[in-house]
Amino acid sequence: MANKPSIPKGTRDFGSVEMAKRNYIFDTIKEVYALYGFQQIETPAMETLQTLMGKYGEEGDKLLFKVLNSGDFMNKLSDEELQEKNSLHVAAKLCEKGLRYDLTVPFARYVVMHRDELQLPFKRFQIQPVWRADRPQKGRYREFFQCDADIVGSDSLLNEVELMQMVDTVFTKLGINVQIKINNRKILTGIAEVIGEADKIIDITVAIDKLDKIGLENVNHELKSAGVSGEAIEKLQPIISLSGSNGDKLKVIQAVLETSETGLKGVEETRFILNTLELLGLKNDIQLDLTLARGLNYYTGAIFEVKALDVPMGSITGGGRYDNLTGIFGMPGLSGVGISFGADRIYDVLNTLNLYPKEAVNSTQVLFINFGEQETAYCLPILKQVRDAGIRAEIYPDSAKMKKQMNYANAKGIPFVVLAGENEMQTRQVTLKNMETGEQRQVSPAEAITCIQG
């Protein structure tokens, strides 16, 4: 007996219902991206290792899926090199390409290669899978989708404002209640400066970013272990425990950072974003969170994170401002700001809260029952009319027993069934059955279309 087939760990099959749900998420995000003037691009699944290596740090390089060269990939290796068993050296000889780790580095490469064709500021979005050779576990996959939007070539804070509006619009359309958290890298740098630990900025932010997960006492312990002085930790306490309105927090932190030019610049930027958004009236709550410190080595200005309020879940969207996207490819000084929606986590939230609209999940709206050759010949022109009206419709391909055809409709969640026998053919009508209520009546094809659409 043949072995049962399987798929690689950390990857998934998606059935028709799952794909309908995922496409609902992707289509909603795409619709909002387009509404704000973003244009879609795609990049290859494979990039050269020269493009990918060294961009994600040592750990990231280890998680890159490398692709063997075509043909006789062993011909460049000597017996001595094989004997050494140096995996990194061997991989460099055997592999010139790798699967993309994220969408950001390929986007940076794209901007540099196509700079002369792009109208700046360039507003791009990209929804594609990425691959990481990570250890698979709950919520962590080796293949997953990212939904990125970035604006490059503009320093204006109006870009940050619009990104927050987009986040608000997407989650309002999806029906998910969220809290948008905002902070600024410059504020965090200023905090490290005024407590006298500017060189410990990474250690400080990595620790305070865990406040929600491990609590204040453990954060302080982690700071102490990282070599932050007791005096500096003491000065930090009222800052990371700030409460009140966004305006109240900004006033306090502005006073704290009065000796830090960088910190005050961050306060000014954050105040502009929050005040502008207040005028525009977001439907979801936006909070200044001074403990938010995502990707600090990468971001240089505003940083964002979004959490669902009704489901215990990590961040479902994140992003921020970066000053040197293309510098890694020899084109320095091109500023950008971007966000990324976590499609897989959003999928889990929508499933938990059962927020998918029926029309998003049910692909077929009406099934025509097949009673035989004559009846099918009568139904086919009507089926064409129904499809021409934009209704998703199908006819059962075989004249099987009525029960089998009805079971098919039920299994697919099809809300309407059309039946046409001798009586309907004589009166030039059809019988339309509502599968949810069980109600059925004879109507003209035009009336059936109106009823299904309604």
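The values are calculated or read from the model by the stated rules, or taken from the named source; none is laboratory data. Note that the coordinates shown come from a computational prediction; the quantities given were computed from them, not determined experimentally. Positions of Cβ are backbone-derived with ideal geometry, glycine not excepted, and every protein chain shown enters the neighbour counts. Just the protein is used for accessible areas: all its heavy atoms, side chains included, with ligands, DNA and RNA removed. Shrake-Rupley method; radii C 1.70, N 1.55, O 1.52, S 1.80 Å.
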Problem - Any helices (runs of 4 or more DSSP H) falling wholly within region 176-272 and containing at least 2 residues that are over 20 Å from residue 318 (Cβ atoms) and more than 32 Å from the chain's Cα centre (by Cα) - result: 185-194, 211-225, 230-240, 246-256
Practice task
Using the structure shown, decide if residue 370 is part of a loop (DSSP other than H, G, I, E, B) and polar (S, T, N, Q).
Solution key: yes
Problem - Flag if residue 383 is buried (at least 16 other Cβ atoms within 10 Å of the Cβ) and at negative phi - result: yes
Practice task
Of the numbered conditions (1) of a type in the set (Ser, Thr, Tyr); (2) surrounded by fewer than 17 Cβ atoms within 10 Å (Cβ to Cβ); (3) touching a helix residue (DSSP H, G or I) at 6+ places or on another chain (Cβ under 8 Å), residue 56 fails exactly one; give the number of that condition.
Solution key: (2)
Practice task
Confirm whether residue 150 is charged (D, E, K, R) and in a strand (DSSP E or B).
Solution key: yes
Problem - Residues being within 25 Å of residue 176 (Cα to Cα), modelled with pLDDT of 95 or more and open to solvent by 50 Å² or more (accessible area, probe 1.4 Å) - total across region 244-277 - result: 1
Exercise for the section: Would you tally the residues in region 133-152 being surrounded by 18 or more Cβ atoms within 10 Å (Cβ to Cβ) and more than 23 Å from residue 19 (Cα to Cα)? Expected result: 3
Fill in the blank from the handout: Checked 47, 31, 18 against criteria (more than 29 Å from residue 137 (Cβ to Cβ), modelled with pLDDT of 90 or more and not hydroxyl-bearing (Ser, Thr, Tyr)); the one match is 31
Completion exercise
Restricting region 280-315 to residues that are among the aliphatic types (A, V, I, L, M) and open to solvent by 30 Å² or more (accessible area, probe 1.4 Å), the one nearest to residue 343 (Cα to Cα) turns out to be 313
Practice task
Considering only region 386-402, state which residues are surrounded by 17 or more Cβ atoms within 10 Å (Cβ to Cβ) and in contact with a Ser or Thr (Cβ under 6 Å, 6 or more places away or on another chain).
Solution key: 394
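Condition check ((1) hydrophobic (A, V, I, L, M, F, W, C); (2) in a helix (DSSP H, G or I); (3) at pLDDT below 95; (4) within 34 Å of the chain's Cα centre (by Cα)) across all residues:
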residue	(1), (2), (3), (4)
394	no, no, no, yes
398	no, no, no, no
404	no, yes, no, no
407	no, yes, no, no
418	yes, no, no, no
425	yes, yes, no, no
431	no, no, no, no
441	no, no, no, no
448	yes, yes, no, no
Practice task
Report yes if some residue within region 342-351 is over 30 Å from residue 104 (Cα atoms), surrounded by fewer than 20 Cβ atoms within 10 Å (Cβ to Cβ) and modelled with pLDDT of 90 or more; otherwise report no.
Solution key: no
Handout entry: Residue in region 365-384 that is under 24 Å from the mean Cα position of the chain (by Cα) and either under 30 Å from residue 177 (Cα atoms) or modelled with pLDDT under 95 (or both) present
Key = no
Completion exercise
From the option list 352, 317, single residue qualifying as farther than 27 Å from residue 157 by Cα and of a type in the set (S, T, N, Q) is 352
